[in-house]
Amino acid sequence: MPRITQEESEARREEIVDSCERLYASLSYRDITMTQIAAGVSFGRANMYNYFRCVDEVLLALLQREHARWAAALEELADRCEGMADAEFAQALAHTVEQRTTMLKMLAMNLYDMEQNSRLERLVEFKRTYAQTLAALRRVIRTAKPAWSEERVSAFVFVFMPFLHGAYPYAHHTEKQEEAMREAGVDAYSQGLFEIVRSCVFFLLQGE
């Protein structure tokens, strides 16, 4: 069998991740199988194991891609956010997050299992991309707030990032959750992701 090129190999990897992303949009994390992922690619299932050992590794690669895309959006924002008023900057940063619904869902619901069940080398790959995302976020904050100390930039980042890990459930409720909240007398939080993130960013920018 002829060897494939590096470009073809990378294209196959993206096919696998794309197939998994489609499934993740409609199925529970626990219900996704390698067989289902293989049904959405143009090559044999056996070849998938040259890239990923299990579903969790494919999902971790999807989360890694989501972080890379968010980092690119943050870099673009950093190039134009100098001099923005706090309200405008909060809105701009919230827009970059609003586009990463899949990332937020995975952070809130599946991150621990994906990391725990993936090989160390796959986890290291993800963490490197995560580090690039943190660096891009720091650049954005430094550009928007040039008078801030590194300590304050870090305080923003390490409040904002944990906040993002819990944002998704507040913006997306299942019918069962909504029914349970009604019966329990709990007021459902009705704002969308954009509003939630914008409010958080503006609050952090105003804090001393």
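Some points to look at:
- E57 vs. criteria open to solvent by less than 50 Å² (accessible area, probe 1.4 Å) and touching a residue at least 60 places away in the same chain (Cβ under 8 Å): yes
- Checking the stated criteria, T129 turns out not to satisfy the condition of being assigned to a helix (DSSP H, G or I), free of Cβ contacts under 8 Å to residues at least 40 places away in the same chain and open to solvent by less than 20 Å² (accessible area, probe 1.4 Å).
- Look at the range 177-191: where a residue is at pLDDT below 85 and a partner is open to solvent by 80 Å² or more (accessible area, probe 1.4 Å) and not aliphatic (A, V, I, L, M), sitting 6+ places away or on another chain with Cβ atoms under 7 Å, you get Y189/Y170.
- Filter pass, E75 being surrounded by fewer than 19 Cβ atoms within 10 Å (Cβ to Cβ) and under 23 Å from R198 (Cβ atoms): yes
- Selection over the range 87-114 of residues that are among the charged types (D, E, K, R) and either under 16 Å from I141 (Cβ atoms) or surrounded by fewer than 17 Cβ atoms within 10 Å (Cβ to Cβ) (or both) gives a count of 2.
- Looking only at residues of the range 3-22 that are touching a residue at least 40 places away in the same chain (Cβ under 8 Å) and charged (D, E, K, R), we find that the one that is farthest from D56 (Cα to Cα) is R13.
- Subset of the range 169-206 (residues that are open to solvent by 30 Å² or more (accessible area, probe 1.4 Å) and either within 27 Å of A147 (Cβ to Cβ) or of a type in the set (F, W, Y) (or both)): Y170, Y189, R198, S199, F202, F203, L204, Q206
- Filtered residue count, the range 64-112, keeping only those that are farther than 17 Å from C20 by Cα and assigned to a loop (DSSP other than H, G, I, E, B): 8
- Residues in the range 169-208 that are assigned to a helix (DSSP H, G or I) and among the β-branched types (V, I, T): I196, V197, V201.
- Q116 more than 27 Å from A85 (Cα to Cα) and either part of a helix (DSSP H, G or I) or of a type outside the set (D, E) (or both): yes
- Some residue of the range 141-153 being of a type outside the set (S, T, N, Q), exposed (fewer than 12 other Cβ atoms within 10 Å of the Cβ), part of a helix (DSSP H, G or I) and on the phi < 0 side of the Ramachandran plot: yes
- The residues listed here are E115, E121; of these, the one that is in contact (Cβ under 8 Å) with a residue 40 or more places away in the chain and under 30 Å from S28 (Cα atoms) is E115.
The values are calculated or read from the model by the stated rules, or taken from the named source; none is laboratory data. None of the values given here were measured: they were computed from a predicted structure. We place every Cβ from the backbone using ideal geometry, glycine too, and count neighbours over all the protein chains shown. Each accessible area value is taken on the protein alone, full model and side chains, heavy atoms only, with ligands, DNA and RNA left out. Shrake-Rupley method; radii C 1.70, N 1.55, O 1.52, S 1.80 Å.
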